[in-house]
Each structure stands twice: as structure tokens, then as C-alpha cells.
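One structure below.
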Amino acid sequence: MIRKTLLFRNLVDNVPKNIGLYCVGILFLVISGYSFETVKMVLGLIAFLISYSSVYVFNDIFDISEDGGLPAKCKRKPLVQGSVEKSEAATISLVLLIVGLSLSLLQNLIFFGILSFLIILNVLYSIPLVTFPKSPSAQYETDQQNNRLEIIRPTSFKHTIAGLPLVFAMQFLKILLPWTITPQLIHFPFLFAVGFSLTYVVLFKGYKMNRTIGGSVISEPLLFSASVIFFFLSMLVHPEPIIQASIFLYLLTGVVFFRKHHLVDKTVIILSPVYIIVGVLTLFWLILYI
């Protein structure tokens, strides 16, 4: 049960990505010359991964009907396939949440608060909106029998104009998390985190529109240009601009390498964890020894 629910969905899809985002925050701590306790950073990462994994299971529970119409997702989600019951998934989600948040309390209240807020944002992003008013972002479809236009209300905030801002905020907070473990929180590299999070939003929006990774960037010139501007401003303000440029080039390399693929393609699913882990290790080596 646990293997089917978590192994592929989280360990392959999401854990490497979240490790990468968390490590971006740590990388900037190293770049800035700030000291930190490695054990506390690792414990913070474990607390984050465990508690946040509960959200992915929670999301899948509410996305069963939506994912059921997408063959690519059906193959990767046991809840859609019916091989795992909702009650089992809910139990797993609750246990992960309690264990992860309990571990986060061992850090400090700021870490616990930011992590809790991050989880709340993701829940808001996914939870069904039972009585949500009609909005401009509502989807339209034609009723073939009556030949009239019918408005379909969004099922969650992800289907409204609030969806992408929530995605942006969640990625920003993931980068912020390791800084809450140190006393240097006031020096958090805001500009770099904004640029990084905007790049993520570009790729995420393309994923939702079933675009290739390259197509995602081409289709969002304003958002991607904004992320480049924030990266550039960060290089002017924060230390080690060459290291920052290396991180940005690393991101571009990934976009170019996977440009013809969708995020759900087998090639991306298999190689992206390797790309993330190897990239993080290489960047750490670059910062420490060059």
C-alpha cells in the first residue's frame, strides 16, 4: 500500500525537486559565508520532506476525478487506478503530517510556522471550493444537447487566478525554510528566491497546459524575462555573482536539455532526479573548493 501510494509519486516525482529547492536556500547560506549546523539542516530537510509528502497524498485524494481523464497521470496514481482506498491514503497523509510537523518543532517555532504555512497554502491550492462564486477564470463548455454555453465553476483555487501566485509562494517558502534554522534570516536573498520561483512557475504553467519544457519558456516570455531580471539584480546585490550565474546557467542547461519533453515524459521522470541531485552536489563542490 505505502509503496504504491508513495514510492513513485513522491520519491521519484517530488522528493528530488523539494530537496533541490531546500538546497537552493542552503547554497545561498554557503555563498553568503554564514555558518550553520549541518545536523540541524538535515533534520529540517527530513521534517520538511515527511510533512510535505502528506500534501501530495492529500492532493491526489481530491484530484481523483480530474486525474481520471488524463491517461498519463492514471498510470502513476494508485488512487485513480483504484488500487488504494481513499481511507488508506488519508491515514498515510495524516501520519506523515503529524510526524513531519513534530520533527519540525525540534528546530524552532519559526521553522515550524513557515512549514505549517507552506502546507496550508498547498491545501488551499487543492481543496475543493464547494460554494465558490463564478470568476473570469471559470472554464466554458458547450452543452451539445441544448446548444448553449454553460459555465463550470472552478473546483479548487488551482483553477482560479489565485493558482499561480500560490504556486509561486510555495516555491519561495521552500527556499526560505533552511534560513529559518539560522540567525541570519534577515539577510535572506529575496531577489534570487523570486527569480528562482518565477522560473518554476513558468515550467509549472507549461506543465498544466501540456506544453513541452521548451514550449513553456517560449509561451511565457514576460514571466521568464522577469525571472532573468531578478536573477541579474540578485547578482548585483548579493555576494558571489559568478556562483549565482553558475546556478542560473545550471537551470538553463536543464531547460535546454529537456526542451523537447513534457514534464510527465518517461525521460524527464527518470533523468530529472539525477539532474537535480548531481547538480546540487556539483554546485556545493563549486562553492566550497573554487
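Highest mean first, the peptides 29-39, 178-188 sorted by other C-beta atoms within 10 Å per residue fall in the order 178-188, 29-39.
Peptides 206-217, 47-58, 260-271 ranked from most to least packed by the mean count of surrounding Cβ atoms within 10 Å: 47-58, 206-217, 260-271. Each label point was placed 7 Å from the Cα along the Cα-to-Cβ direction; for Leu249 and Phe190 their separation is 2.9 nm.
A crude spin-label estimate for the pair Lys86 and Ile287, with each label 7 Å from Cα along the Cβ direction, gives 4.4 nm. For the range 189-290, the relative contact order is 29 percent, taking Cα pairs closer than 8 Å that sit 6 or more residues apart in sequence and dividing their mean separation by the residue count.
Starting from the Cα gyration tensor of the range 189-290, take the square roots of the eigenvalues, sort them a ≥ b ≥ c, and report rounded, prolate or oblate (rounded when a/c is under 1.5, otherwise prolate if a/b is larger than b/c, else oblate). Judged from the Cα gyration tensor, the range 189-290 comes out oblate (a/c at least 1.5, b/c at or above a/b).
Read-outs throughout are calculated quantities, based only on the coordinates presented, and are distinct from any laboratory measurement. Keep in mind the model is a prediction, meaning the values are calculated, not measured. Cβ: placed from backbone, ideal geometry, glycine included. Neighbour counts: every protein chain shown.
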